[in-house]
1. From the set of residues in the stretch A:114-166 that are of a type in the set (Lys, Arg) and more than 9 Å from every other protein chain (Cβ to nearest Cβ), which is farthest from residue A:103 (Cα to Cα)?
2. Output the number of residues of the stretch B:71-126 satisfying the condition of being among the acidic types (Asp, Glu) and closer than 15 Å to residue B:59 by Cβ.
3. Got a number for residues in the stretch A:174-202 being free of Cβ contacts under 8 Å to residues at least 24 places away in the same chain, assigned to a loop (DSSP other than H, G, I, E, B) and aliphatic (A, V, I, L, M)?
4. Enumerate the helices (runs of 4 or more DSSP H) found wholly within the stretch B:13-104, keeping only those where 2 or more residues are buried (at least 16 other Cβ atoms within 10 Å of the Cβ) and of a type in the set (Val, Ile, Thr).
5. What residue, of B:344, B:334, B:356, is touching a residue at least 60 places away in the same chain (Cβ under 8 Å) and within 23 Å of residue B:149 (Cβ to Cβ)?
6. Could you please let me know if residue A:171 is in contact (Cβ under 8 Å) with a residue 12 or more places away in the chain, surrounded by fewer than 22 Cβ atoms within 10 Å (Cβ to Cβ) and touching a helix residue (DSSP H, G or I) at 6+ places or on another chain (Cβ under 9 Å)?
7. Please enumerate the residues belonging to the stretch B:336-353 that are under 13 Å from residue B:390 (Cα atoms) and β-branched (Val, Ile, Thr).
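The values are calculated or read from the model by the stated rules, or taken from the named source; none is laboratory data. What you are looking at is a predicted structure, and each value in this text was computed from that prediction instead of being measured. So basically every Cβ, Gly included, is an ideal-geometry build from the backbone, and we count neighbours across all protein chains shown.
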Amino acid sequence: MNRIKDAFDKKQKNLLNVYFTAGYPSLHDTVPILQALSAAGADLIEIGMPFSDPLADGPVIQQSSTVALQNGMNLRVLFGQLAGIREQVPDTPILLMGYLNPVLQFGVENFCREAAAVGADGVILPDLPLDDYVAEYQPVFQQYNLRPVFLITPQTAPARIRRIDELTDSFLYLVSGPGTTGGASTQAEGVQEAYFQRIEAMQLRNPRLIGFGIGDKASFQKACQYAEGAIIGSAFIRALEGVDDAPAAASRFVASILS
Amino acid sequence: MTPTYQQPTERGYYGQFGGAFIPEMLYPNVEELRQQYLDILADPGFQQEYQLLLRDYVGRPTPLFEAKRLSEKYNTRVFLKREDLCHTGAHKVNNTVGQILLARRLGKTRIIAETGAGQHGVATATVCALMGMQCIVYMGEIDMERQKPNVYRMRLLGAEVRAAMSGSRTLKDATNEAIRDWISNPVDTHYIIGSVVGPHPYPDLVARLQSVISEEMRKQLLEKTGSELPQYVVACVGGGSNAAGAFYHFLEEPTVQLVAVEAAGHGIHSGHSAATSVLGKPGIIHGSRTLLMQDEDGQITEPYSLSAGLDYPGIGPLHAFLADSGRAHFISIEDEEALRAVAELSRLEGIIPALETAHALAALGQLGAGPDDVVVVNLSGRGDKDLETYIKYADSIM
């Protein structure tokens, strides 16, 4: 079973992948938000595993991670919350995104076993080096049917992109430009498009989702011109800030992008 | 190639510690550096320029001073390696002079750095002024407060100082912000890391640039004691750059006892400490697998030391290996003991040390060194920047 592949088979264009931080805004919002996102039409969902020092993230996701940790979120709590989730959300691919250190302390094999048990489909660990993945973790990821998702940036060399494309059977995470999550694009007109077109022309095995700096309907639709879909994180976290009813806010947010 | 204490493996490992755990956004930059740093460092043109600047700009070689009154007190022969006499007042400039020349050869035009006590920030701002390069220094908001003179020095030198407002607002967070800046500016920017931390090749690069300290020590010891090898080399460790430089040319000399001194803050088990070798477990921080202070969930915990240069929750991977293998002996010193060592050196030898350095001096009584033993303490920095702290704690010091 590969729910990620199924999602891309079912809908070849305009796939929406939404990221949110587990345990934010309050500890028990994880599952209600997940259900609301799926019901509202999100095609893939990334659950952020909060980390104290998220290097690839901008201030919004950092702040949500800090709050989630203060709320008591950790991997044990998260897997507890997600137990049985596949009864309620059978088909939407779920990816776990975070940083390597908490996973190492939990134990990579324990992590993979638990992730598979709750029905997660993929894992995104931006600070896991490709070589280390291949040398140490690939067998256990495969054993538990978890797909790694790797990032590609405008500076990633073509040979490395090919290698990344060979190493997974999910999607390629195209970082839209230089910067951490949630930042606005600072690139000159045309630079970003040339990069997306260059990747498109490589005719890769895996579909592509564009992330970083996508935050509303306009930027989502623009990204979808150059890839199968796009990823929204920080803008959604901002939409959850200070709301009383997080699931309702999640539904409204997805509707604002897809309507 | 067999890895040694001096030379990590090709992928940057000292034993189980090191590596390069970085997001893809940093990969091209770090890889470029990895492929080129050894060639650039070995290039005669680079060496000529580097050595000339070390001599005429930094003021090297720094003296090795036999501290007679301190020796008398501890009943052993104590030598002080006077890195405090380097231009800018600490050893940090050895590294920044080398890295700015490296950055120029890589075609970079914009320099970023992190700083804790401000010494590395000042040393970076200094070489950027010298080379006419743009300089941005990230510094924790708390550190900006406790090391104000260095903030003003950096600004006077033309650098922009940006406050790191996340986390504990100290060195760890300044490093996070510098890394995020590098992610956002991958093409024109070189990140001058100030310690032997970060992804490979930084730990090795910085250790090599600081190794001039022990290179000089050996020559000076031969002249003054008749042997290149002392019985002890003592240095403080936050990230560990001055210790790496002081240990480097003794790493493969098993008769030399290497003593690394960490900050115990209010006490190792007080919950307010930065004694990573005792409190840390293997984990990943700033792109490197090393000993790391963290909770059971792998979240990085906030270290504490009165000294802004030592409150880092990790140590360089070389030092993690030295601790793990037993090659170096690790001691931790509390705030109070360090403050007393400040007063002691000031009054016995007329030298006011930096608070970081004072931790190394405070270890003198714990070495078990005999009257004929030669002990070299790396006097990594001068105390001017800490004057406000010393005035505040005058009761403890005097």
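1. Restricting to residues being of a type in the set (Lys, Arg) and more than 9 Å from every other protein chain (Cβ to nearest Cβ), the top hit is A:162.
2. 2
3. Summing the residues that are free of Cβ contacts under 8 Å to residues at least 24 places away in the same chain, assigned to a loop (DSSP other than H, G, I, E, B) and aliphatic (A, V, I, L, M) in the stretch A:174-202 gives 2.
4. The qualifying helices (runs of 4 or more DSSP H) are B:27-42.
5. It is B:356.
6. no
7. B:342, B:352
Yes or no, residue by residue, for (1) among the small types (Gly, Ala, Ser); (2) within 14 Å of another protein chain (Cβ to nearest Cβ); (3) on the phi < 0 side of the Ramachandran plot:
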residue	(1), (2), (3)
B:5	no, no, yes
B:13	no, yes, yes
B:23	no, yes, yes
B:27	no, yes, yes
B:35	no, yes, yes
B:39	no, no, yes
B:42	yes, no, yes
B:50	no, no, yes
B:61	no, no, yes
